[in-house]
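The structure under discussion appears below in the form of structure tokens.
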Amino acid sequence: MTFRERLFATIRAARPVLEEPGVLVVGSEVPNLLESGAASTLVVSQDLDIGVPVACHAAVKRRLPELLQYFEPSPDEPSVWTPRSPQLLEVNFVGVDASQDPAEAYVFDDDQLPLLVFGALSLIEPGAELDIEGSRIRVPRVAGLLLEKLVTDRTGEKGDRDLLVAMGLLMTAASADLDECVGAYRRLRPELRHAVRANLTLLSLIDARAGMPDPRPQRAAVAALLRRVEASAEEPR
Amino acid sequence: MSAVFERRLREQRARVLIRTHGYRQRRHAHGVWLRLRRVLADAGAAYAVSEADARALVAEGHAVQPVGAELDPPKLIVTVPADRVRTMAGAAPVPIRMGGDLLAAPCLVLVPFGPAPPQSGDH
């Protein structure tokens, strides 16, 4: 079974939640879904991140019983639902709160579906609706998700994987997406702009990893974006 | 709140504190790695060269990257057009990453990227 087939099967299984208004697919599978024909060749992780706006939490919670035939809540990590079949990916719920500061995080506590709400996700906005074999799912606008990936502090292999997601977004971005990303970058405060630039330099130096897309052919595009964001805002001394 | 969430929140806040520290230090010694990465990010290729070759390039007026002098031991990092590097028999390509080959070279030549390629996703 290919990764694409597993991803599509997971989307089918999680459809009741994914089609709930406000819910977005976020994270590493977005570049895969945005590739032509949702080709899913940019594999960096084996899970499906589902962004749940805190205002939609109650509605999403009502749909959870429909997922139980395919997934079960992890006893270790309450926001993770593990698949009952190896043909499905793990599902990871994350909270989205547009009013939150990008540098903050909090827990939206709930006995059934608690959520970690990462402030950087406040940078995302609803984008394209995609038809994945009959499931209507929504992904964020590329600009905001790219910025979210670049503003977040990460370390180690997980950090590299997340930066590869940013690279995947960069590969699928159109000029207008990059214009929008630079505009949103300018509105960040200086410390967060610095984080974006620092992460772009890290992305430009990541080596190839087995089983993951090779970032090296994209180095010129990374350098071009770095130059654009630097030119877009004057930094304090 | 679950112990896992508590741990992840703690880790996230620690990362933010470290980032804030790094931001405050950006003009100082701690920021040297970012400045080095920034210079490398603009390079499409890198070569280790002898000190004599590097000095010759400086004498020709090619740009020296100041971040090299901030390292200990210092590095001579010179940015040079691709055409000029092709004439240097002793220039040994090194991978552009924070790895041993690049960090161990006392003298580096960087070749900047050419004009930005069009975005693959343009339509």
- prompt: Within region A:220-229, can one find any residue that is modelled with pLDDT of 95 or more and either more than 24 Å from B:Leu40 (Cβ to Cβ) or more than 10 Å from every other protein chain (Cβ to nearest Cβ) (or both)?
  reply: yes
query: Of these, A:Ser175, A:Ser204, A:Ser232, which one is over 19 Å from B:Met98 (Cα atoms) and in contact with an Asp or Glu (Cβ under 9 Å, 6 or more places away or on another chain)?
result: A:Ser175
query: Of (1) part of a loop (DSSP other than H, G, I, E, B); (2) surrounded by fewer than 20 Cβ atoms within 10 Å (Cβ to Cβ), A:Val44 satisfies all except one. Which?
result: (2)
task: Scan region A:177-206 and report the pairs whose first residue is closer than 9 Å to A:Val151 by Cα and whose second residue is in a helix (DSSP H, G or I) and among the charged types (D, E, K, R), with Cβ atoms within less than 7 Å and a gap of 6+ or a chain change.
output: A:Ala195/B:Arg19; A:Arg197/A:Glu230
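So that you can scan it fast, the table gives a plain yes or no per residue for (1) within 14 Å of chain A (Cβ to nearest Cβ); (2) assigned to a loop (DSSP other than H, G, I, E, B); (3) surrounded by 13 or more Cβ atoms within 10 Å (Cβ to Cβ):
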{"residue": "B:Leu34", "(1), (2), (3)": "yes, no, yes"}
{"residue": "B:Gly61", "(1), (2), (3)": "no, yes, no"}
{"residue": "B:Ala89", "(1), (2), (3)": "no, yes, no"}
{"residue": "B:Val109", "(1), (2), (3)": "no, no, yes"}
query: What are the pairs, 6+ residues apart or on separate chains, where a residue within region B:80-100 that is under 15 Å from B:Ala41 (Cα atoms) has its Cβ under 9 Å from a residue that is of a type in the set (Gly, Ala, Ser) and buried (at least 18 other Cβ atoms within 10 Å of the Cβ)?
result: B:Val94/B:Ala46; B:Val94/B:Ala48; B:Val94/B:Ala105; B:Pro95/B:Ala46; B:Ile96/A:Ser204; B:Ile96/B:Ala41; B:Ile96/B:Ala43; B:Ile96/B:Ala46
field: Qualifying positions in region A:189-237 - in contact with a Lys or Arg (Cβ under 9 Å, 6 or more places away or on another chain), of a type in the set (Asp, Glu) and outside any helix (DSSP H, G or I)
entry: A:Asp207, A:Glu235
query: If you check B:Ala29, B:Ala46, which single one turns out to be touching an Asp or Glu at 6+ places or on another chain (Cβ under 8 Å) and of a type outside the set (Lys, Arg)?
result: B:Ala29
query: Is it the case that region A:106-127 has a residue that's assigned to a loop (DSSP other than H, G, I, E, B) and under 24 Å from B:Gly22 (Cα atoms)?
result: no
query: If you scan region A:77-103, which residues turn out to be at pLDDT below 95, small (Gly, Ala, Ser) and under 17 Å from A:Val17 (Cβ atoms)?
result: A:Ser79
- request: Considering every residue within region A:81-98, establish whether at least one is touching a residue at least 40 places away in the same chain (Cβ under 8 Å), assigned to a helix (DSSP H, G or I) and among the β-branched types (Val, Ile, Thr).
  value: no
message: All but one of (1) touching a helix residue (DSSP H, G or I) at 6+ places or on another chain (Cβ under 8 Å); (2) over 27 Å from A:Glu5 (Cα atoms) hold for A:Arg141; state the number of the condition that does not hold.
response: (2)
statement: Scanning region B:63-87 residue by residue, those outside any helix (DSSP H, G or I) and surrounded by 13 or more Cβ atoms within 10 Å (Cβ to Cβ) turn out to be B:Ala63, B:Val64, B:Gln65, B:Leu71, B:Lys75, B:Leu76, B:Ile77, B:Val78, B:Thr79, B:Val80
query: Among the residues of region A:128-165, how many are away from chain B (no Cβ under 14 Å), among the β-branched types (Val, Ile, Thr) and part of a helix (DSSP H, G or I)?
result: 1
query: Which numbered condition trips up A:Val52, out of (1) part of a strand (DSSP E or B); (2) more than 14 Å from every other protein chain (Cβ to nearest Cβ); (3) modelled with pLDDT under 95?
result: (3)
- prompt: Got at least one residue in region B:41-58 being part of a helix (DSSP H, G or I), closer than 30 Å to A:Asp153 by Cβ and away from chain A (no Cβ under 14 Å)?
  reply: no
- request: From A:Val43, A:Val60, grab the single residue that is within 15 Å of A:Asp110 (Cβ to Cβ), hydrophobic (A, V, I, L, M, F, W, C) and not assigned by TED's automatic domain parsing to the domain that holds A:Asp162.
  value: A:Val60
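The values are calculated or read from the model by the stated rules, or taken from the named source; none is laboratory data. Note that this is a predicted model, so its numbers are computed, not measured. Every residue, glycine as well, gets a Cβ built from its backbone with ideal geometry; the counts of neighbours run over all protein chains shown.
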